[in-house]
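These notes concern the structure reproduced below.
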Amino acid sequence: MPSLLCYGSYGFVGSLIAREAIDRGLDPILAGRDRDRLREQVDDLGQPGRRFDLEDPAVVAAALADVDCVLNCAGPFSNTADALVEGCLRSGTDYVDITGEIPVIEGIEDRDDAAADAGVTLLPAAAFSAVPMDCLAVHLAERLPDATDLALGVDSFRVPSIGTIRTVLEGADTGGAVRRDGRLESVPTAWRTREIDFGRGERPAVTMPMGDVSTAHYTTGVPNVEVYAVMPQPARLALRSHRYLAPLFESKSVRWALKQVAGVREGPSERARERGSAYIWGEASTDDERVVSRLRTPDPYVVTVDAAVTTARRVLARGVDDGFQTPAGAFGPDFVLELDGVDGYFDESTPNASSPVSPLLR
Ligand SMILES: NC(=O)c1ccc[n+]([C@@H]2O[C@H](COP(=O)([O-])OP(=O)(O)OC[C@H]3O[C@@H](n4cnc5c(N)ncnc54)[C@H](OP(=O)(O)O)[C@@H]3O)[C@@H](O)[C@H]2O)c1
């Protein structure tokens, strides 16, 4: 059987993914840099473990020599993706991750030629960001093939995992980003607000530098892309304060205190994940035409686990081309509909009409 290695397998999302991969019979090798946490997980799950850090590319390549696919769950990915991608290119191993970080996706896209030469697939963002919006972007582009602009949005705010908070704060250093004329353009964080009807009435959403700014463009070729998220005021304030907050999250005592205050463990509980949901909206437009479609998904963490393991399984089955791939580029717009509990597509039938709301979205 082809072998899957799950790096960062003892993190919050990594451990959910590792368990799901085991349940689906993928027999993953558990991996990471922390000997104690890895040993504890290996004992708990009864899977093989492999400890290595990402300092030396030769060590990484050697650790991956007998591995067919890496599923990288170790974020912030700005600290891990480069080294694992380099290791994969040297060892001929396919690479999948769950990043939502724009610079990471752009960096992996830069390795497209090298990956094609090495016969390796590089498929980042197999997660909540970017699978639903990437698939929705293709769906919209098929509805309006001449589209010049894509606006995508998500309404799913919930208490995130500590790892996600740290990743958002680290990434916030670079501010916001949109795609204009095919190029990434830096903009201030939350620079534009828009009232968006996600199917439950209009809500204010702000531009966010989500990885979908990269993936939606690479998948569809549409030159202008903006991504919005509904964000409560306190979260917007936290983002604007990122410079002062980011170093704090490296401190174990601050992480501990945050967990007590926020009432979360490393991330949302199983009950919260089961009850969670997300609303995805997208608009494709030209100067004189506009189409809108929507999706509803389970909780973002549930989608992430399902999307990551489903993607890894398909890559292991050699069902994906070599080189840089996006989720919907590799699997098409209906990929998201194959994930558990996803409803859609809800299309507005009349361009420029006021938003009819599907009863399913109420
Ligand atoms: N795209 C999406 O929709 C989506 C959804 C959910 C999560 N995520 C992202 O997934 C990542 C993981 O989230 P989480 O909640 O699982 O975080 P977490 O609980 O903090 O886990 C992070 C994992 O990464 C490892 N790690 C971090 N830096 C490393 C480095 N430099 N070298 C080796 N290992 C390293 C950690 O191991 P150590 O303990 O050894 O540091 C740990 O195993 C975050 O970046 C989050 O933003 C993305």
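The values are calculated or read from the model by the stated rules, or taken from the named source; none is laboratory data. Not measured: the values here are computed from a predicted model. All Cβ positions, even for glycine, are placed from backbone atoms using ideal geometry, and neighbour counts span all protein chains on display. Side chains included, ligands, DNA and RNA excluded: accessible areas come from the protein's heavy atoms. Shrake-Rupley method; radii C 1.70, N 1.55, O 1.52, S 1.80 Å.
With the condition kept exactly as written, say whether any residue in region 105-121 is within 14 Å of the ligand (Cβ to nearest atom) and surrounded by fewer than 24 Cβ atoms within 10 Å (Cβ to Cβ). So that I can check it myself, show each step before the final result.
Applying the first criterion (within 14 Å of the ligand (Cβ to nearest atom)) to region 105-121 yields 105, 108.
Now narrow it down to the ones that are surrounded by fewer than 24 Cβ atoms within 10 Å (Cβ to Cβ): none.
Looking for residues that are within 14 Å of the ligand (Cβ to nearest atom) and surrounded by fewer than 24 Cβ atoms within 10 Å (Cβ to Cβ), one finds none in region 105-121, hence no.
If you go through region 306-333, how many residues are of a type in the set (Asp, Glu) and over 17 Å from the mean Cα position of the chain (by Cα)? Steps first, please.
The first filter runs over region 306-333 and keeps only residues of a type in the set (Asp, Glu), leaving 306, 321-322.
Subset that is over 17 Å from the mean Cα position of the chain (by Cα): 321-322.
So the answer is 2.
Can you go through ALA31, ALA18, ALA63 and tell me which one is farther than 21 Å from ARG314 by Cα and not hydroxyl-bearing (Ser, Thr, Tyr)? Steps first, answer last, please.
Numbers: ALA31 fails: farther than 21 Å from ARG314 by Cα; ALA18 fails: farther than 21 Å from ARG314 by Cα.
After ruling out the rest, the residue left standing is ALA63.
Tell me whether region 100-108 contains one or more residues that are under 18 Å from VAL315 (Cα atoms), out of contact with any Pro (no Cβ under 8 Å at 6 or more places or on another chain) and not basic (Lys, Arg).
no
VAL85 is checked against (1) open to solvent by less than 10 Å² (accessible area, probe 1.4 Å); (2) touching a residue at least 40 places away in the same chain (Cβ under 8 Å); (3) not assigned by TED's automatic domain parsing to the domain that holds ASN224 and fails just one. What number does that condition carry?
Only one criterion is unmet by VAL85, namely (2).
Out of region 304-338, which residues are more than 17 Å from ASP97 (Cα to Cα) and among the acidic types (Asp, Glu)?
Scanning region 304-338 gives ASP334, GLU338.
What are the residue pairs meeting all of these: first residue in region 203-219, first residue closer than 14 Å to GLY107 by Cβ, second residue in a strand (DSSP E or B) and of a type in the set (Asp, Glu), Cβ atoms under 7 Å, and 6 or more apart or on different chains?
Matching pairs, first to second residue: GLY211/GLU101.
Condition first: modelled with pLDDT of 75 or more and part of a helix (DSSP H, G or I). Can you find one or more residues in region 168-178 that meet it?
Applying the first criterion (modelled with pLDDT of 75 or more) to region 168-178 yields 176-178.
Imposing the further condition that a residue be part of a helix (DSSP H, G or I) reduces the set to none.
So far as region 168-178 goes, no, none of its residues is modelled with pLDDT of 75 or more and part of a helix (DSSP H, G or I).
Report those helices (runs of 4 or more DSSP H) wholly inside region 242-326 carrying at least 1 residues which are surrounded by fewer than 20 Cβ atoms within 10 Å (Cβ to Cβ) and modelled with pLDDT of 95 or more.
On the way: elements: 242-245, 252-262, 270-275, 300-316.
The qualifying helices (runs of 4 or more DSSP H) are 300-316.
For region 214-229, what are the residues that are over 20 Å from THR99 (Cα atoms) and hydrophobic (A, V, I, L, M, F, W, C)?
Our first condition is that a residue be over 20 Å from THR99 (Cα atoms); within region 214-229, this holds for 221-224.
The one that is over 20 Å from THR99 (Cα atoms) and hydrophobic (A, V, I, L, M, F, W, C): VAL222.
Does LEU140 meet the test of being away from the ligand (no atom under 14 Å from the Cβ), in the same structural domain as ALA216 (by TED's automatic domain parsing) and touching a residue at least 24 places away in the same chain (Cβ under 8 Å)? If you could, list the steps in order and put the result at the bottom.
On the way: away from the ligand (no atom under 14 Å from the Cβ): yes; in the same structural domain as ALA216 (by TED's automatic domain parsing): yes; touching a residue at least 24 places away in the same chain (Cβ under 8 Å): yes.
When the stated conditions are applied, LEU140 passes them.
Just a yes or no: is a residue in region 95-102 surrounded by fewer than 23 Cβ atoms within 10 Å (Cβ to Cβ) and either outside the structural domain of ASP321 (by TED's automatic domain parsing) or at pLDDT 95 or above (or both)? Give the derivation first.
Of the residues in region 95-102, the ones surrounded by fewer than 23 Cβ atoms within 10 Å (Cβ to Cβ) are none.
Checked against the condition, which is being surrounded by fewer than 23 Cβ atoms within 10 Å (Cβ to Cβ) and either outside the structural domain of ASP321 (by TED's automatic domain parsing) or at pLDDT 95 or above (or both), region 95-102 yields no hits at all.
Condition (residue is more than 24 Å from the chain's Cα centre (by Cα) and open to solvent by less than 20 Å² (accessible area, probe 1.4 Å)) applied to region 57-75: is it met by at least one residue? Even if it seems obvious, please write down each step before you answer.
First, the residues of region 57-75 that are more than 24 Å from the chain's Cα centre (by Cα): 57-59, 61-63, 65-66.
When the remaining residues are screened for being open to solvent by less than 20 Å² (accessible area, probe 1.4 Å), the result is 61, 63.
Yes, the conditions are met somewhere in region 57-75.
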